[in-house]
Number of protein chains: 2
Amino acid sequence: MSSKKEVRVGLIQMTCAEDAEVNLQRSIANVREAAKAGAQVICLQEVFNVQYPCQTEDHANFELAETIPGPSTTAMAAIAKELGVVIVVPVFEKRTHGLYHNSAVVIDADGQTAGLYRKMHIPDDPLYYEKFYFTPGDRGFLAFNTRFAKVGVCICWDQWYPEAARLTAMQGAELLFYPTAIGWIPGEKDVYGASQYSAWQTMIRSHSIANGVFTGAPNRVGVEGAIQFWGGSFMADPYGNVMAQSPHEGENQLVVTCDLSLINTARTHWPFFRDRRIDAFADLQKRWCEQ
Amino acid sequence: MSSKKEVRVGLIQMTCAEDAEVNLQRSIANVREAAKAGAQVICLQEVFNVQYPCQTEDHANFELAETIPGPSTTAMAAIAKELGVVIVVPVFEKRTHGLYHNSAVVIDADGQTAGLYRKMHIPDDPLYYEKFYFTPGDRGFLAFNTRFAKVGVCICWDQWYPEAARLTAMQGAELLFYPTAIGWIPGEKDVYGASQYSAWQTMIRSHSIANGVFTGAPNRVGVEGAIQFWGGSFMADPYGNVMAQSPHEGENQLVVTCDLSLINTARTHWPFFRDRRIDAFADLQKRWCEQ
């Protein structure tokens, strides 16, 4: 068997105040704490420094967006360099006037940008009016070399799409992150809450299993408007085992040791990539197969 | 909301003796029991009437195969017609001399053949030397109209491939069956057993969630040679909730009421098909994305 290749991964689960600067400073404090606990690759939650802006269609919310590079990524690049850690920084990106994305910048441990992913699958549901705000990503599914691991990022709604995980894994991702802002509607929680959380976690665990990669999902926590973000951030190994999980309430830094050599072990014993029937997958590019 | 459209589904979990005729007769008895409990669509386990033939590479085992139509499918067609039930009959198919498949015939409630699926993804692992026996299917991923529901079938190893589930769902499958022969190696079970079962169930549940369909996995049970087949057959709803699950030991008919109108409800509230980035999926037809 290959020798161990251990990487400490940190997932930051946070509440957000109205003031983006407050959120940025608290995020930095959380990153420092995670690094102190040994984290080398740290992932923040979706649109990490603002309250989730999509509960209504409000033009004023576009002012929460920032450019890349911009204040958040510049601040995080300095911290990454200072601490020698990789940071995944998901931001509400203003690309130009009238063109916004839900994005994530991967900052390498020297403070340089390793890559930029723009969320490909954009939801539009009551209280999650993201199609109003975010243009779907135009860069495809990506993984980026960093000092400690090859890092792939998908964002929230992407989690429901096995195609996204597959294509990111096929780019060589070892750590596949899902920065997320998902929660319960309090009126539904008693009936559907456990099932909804389970479906979310099950999908992401399935991406670990199908692709033999580590998955890590840092999720927002706390009540904003009509949503109770359910926290419950977690890390799964390449067999889909949940390695650690944050509570459903309260801020949390989850720091987990991931032995990247397990990817080789898992794929040797479960060689799913060997057998994919790529000759029969053309219809995956269809919307539906009409009967 | 749409009104209910209830279908009773039966999953037959069996041990297999050496004598195929004994297994056929016991399967028929199990089908009768399930039908008596109200089952309208009944799925048997993978290569249902023989002991799992792939633990060694033994040319003599090809004699266990049968043609389609052949003794098993003819017998099951008569039972389907008599009882007015749909039966999914997975057989070790001899297509011609030297050409074998791991197949499943869907027999409609009038005894007519609704369709034939041939397992697309063929494993080859210690104790599961299927590539020696089975040519990969050449019919693609399919779903078939039956009296009670549109039925899709994938077989065992297919379960690890989200592409297979997606393409079958895109053919219109409402019930997606995974006849299976999966088990523990007794020496590994204490350490890996729970994780392995969980990975198996998690993948199939994820297919329910991602595609908004019912999944049903009837699995073999009992010890044959070096494998302890883990039973644990289960049915999941379009949200991935496990509706019912068989024990890990002993024969079992799991009969579950599936309200097919939940497919519409689930896909309305979780409209994942709406947003698939089919413009970005071309690389799914690649083996790997070289770096």
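The values are calculated or read from the model by the stated rules, or taken from the named source; none is laboratory data. If you're wondering where the values come from, they're calculated on a predicted model, not measured in any experiment. So basically every Cβ, Gly included, is an ideal-geometry build from the backbone, and we count neighbours across all protein chains shown. For the accessible areas, the whole protein counts, side chains as well, though only heavy atoms, and no ligand, DNA or RNA atoms are used. Shrake-Rupley method; radii C 1.70, N 1.55, O 1.52, S 1.80 Å.
For the stretch B:47-59, putting each phi into the Karplus relation 6.51 cos²θ - 1.76 cosθ + 1.60 with θ = phi - 60° gives couplings of 5, 5, 9, 10, 4, 4, x, 10, 6, 9, 8, 10, 4 Hz, in residue order, rounded to whole numbers and with x for Gly and Pro.
Lys-Lys pairs in chain B that are eight or more residues apart or on separate chains and whose Cα atoms lie under 25 Å of each other come to 16.
Highest mean first, the peptides A:218-224, A:269-275 sorted by other C-beta atoms within 10 Å per residue fall in the order A:218-224, A:269-275. The separation of the stretch B:236-259 from the stretch A:129-207, counted between C-alpha centres, amounts to 28 Å.
Distances between placed amide hydrogens fall under 5 Å for residue B:8 paired with B:40, B:41, B:258, all partners being 5 or more residues away or on another chain.
Taking Cα centre as origin and charging only the Cβ of basic (Lys, Arg, +1) and acidic (Asp, Glu, -1) residues, the dipole magnitude of the protein assembly as shown rounds to 560 debye. Only protein heavy atoms count here, probed at 1.4 Å, and on that basis chains B and A bury about 5400 Å² of accessible area in total. For residue B:257, the point set 7 Å out from Cα toward Cβ sits 5.2 nm from its twins in the other copies, listed from shortest up. Rounded, prolate or oblate: which one fits the protein assembly as shown, using the alpha carbon gyration tensor with axes a ≥ b ≥ c (rounded when a/c is under 1.5, else prolate when a/b beats b/c, else oblate)? It is prolate, given that a/c is not under 1.5 and a/b is the larger ratio. Given their separation in residues at 0.36 nm each and the Cα-Cα distance between them, residue A:278 and residue A:125 gain 51.8 nm when the chain is fully extended.
The H on the amide N of residue A:224, modeled in the peptide plane, is under 5 Å from the matching H of A:229, each at least 5 residues off or on a different chain. With contributions of -39500 (n - 2.57) from each DSSP H run of at least four residues, the per-residue ellipticity at 222 nm computed over chain B stands at -8500 deg cm²/dmol.
Structure remark: mean-square fluctuation, Gaussian network model of chain B, C-alpha springs under 10 Å; the largest value among B:59, B:121, B:207 belongs to B:59.
3J(HN,Hα) along the stretch B:180-188: 9, 9, 10, x, 9, 8, x, x, 9 Hz, from the Karplus curve 6.51 cos²θ - 1.76 cosθ + 1.60 with θ = phi - 60°, whole Hz, x for Gly and Pro.
For the stretch A:6-271, the C-alpha radius of gyration divided by 2.2 N^0.38 Å, with N the number of residues, is 0.91. Sorted from nearest, the other copies put their residue B:138 label points 4.5 nm away, the label point being 7 Å from Cα in the direction of Cβ.
Taking beta carbons within 10 Å but only from partner chains, what does the mean come to for residues B:192-200? If you average over the peptide's residues, the count of other-chain Cβ atoms is 3. Expressed to the nearest 5 percent, the antiparallel share of DSSP beta bridges inside the stretch B:6-271 is 75 percent.
Packing, taken as the mean count of other beta carbons within 10 Å per residue, orders the peptides B:127-134, A:199-206 from highest to lowest as A:199-206, B:127-134. Look at the alpha carbon pairs under 8 Å that are at least 6 residues apart: their mean separation over the length of chain B gives a relative contact order of 20 percent. Couplings for the stretch A:22-33, taken from phi via the Karplus curve 6.51 cos²θ - 1.76 cosθ + 1.60 with θ = phi - 60°, read 4, 5, 4, 5, 5, 4, 4, 4, 5, 4, 4, 4 Hz in order; Gly and Pro are left as x.
A Gaussian network model of chain A, with springs between Cα atoms under 10 Å, assigns the largest mean-square fluctuation among A:188, A:33, A:249 to A:188.
Database remark: amide H of residue A:161 closer than 5 angstrom to no amide H (H placed geometrically; neighbours at sequence offset of 5 or more, or on other chains; Pro and chain starts carry no H). Counting only protein heavy atoms and a probe of 1.4 Å, the accessible surface of the stretch B:6-271 is 51% carbon and sulfur. Diffusion of the stretch A:135-291 by Stokes-Einstein, at 10 °C in a medium of 1.306 mPa s and with Rh set to the Kirkwood radius over alpha-carbon pairs, works out to 95 µm²/s. For the stretch A:230-279, the normalised intensity computed at q = 0.16, 0.17, 0.21, 0.25 Å⁻¹ comes to -0.60, -0.64, -0.78, -0.92 (log10 of I(q)/I(0), Debye sum over alpha carbons, equal scatterers, no solvent).
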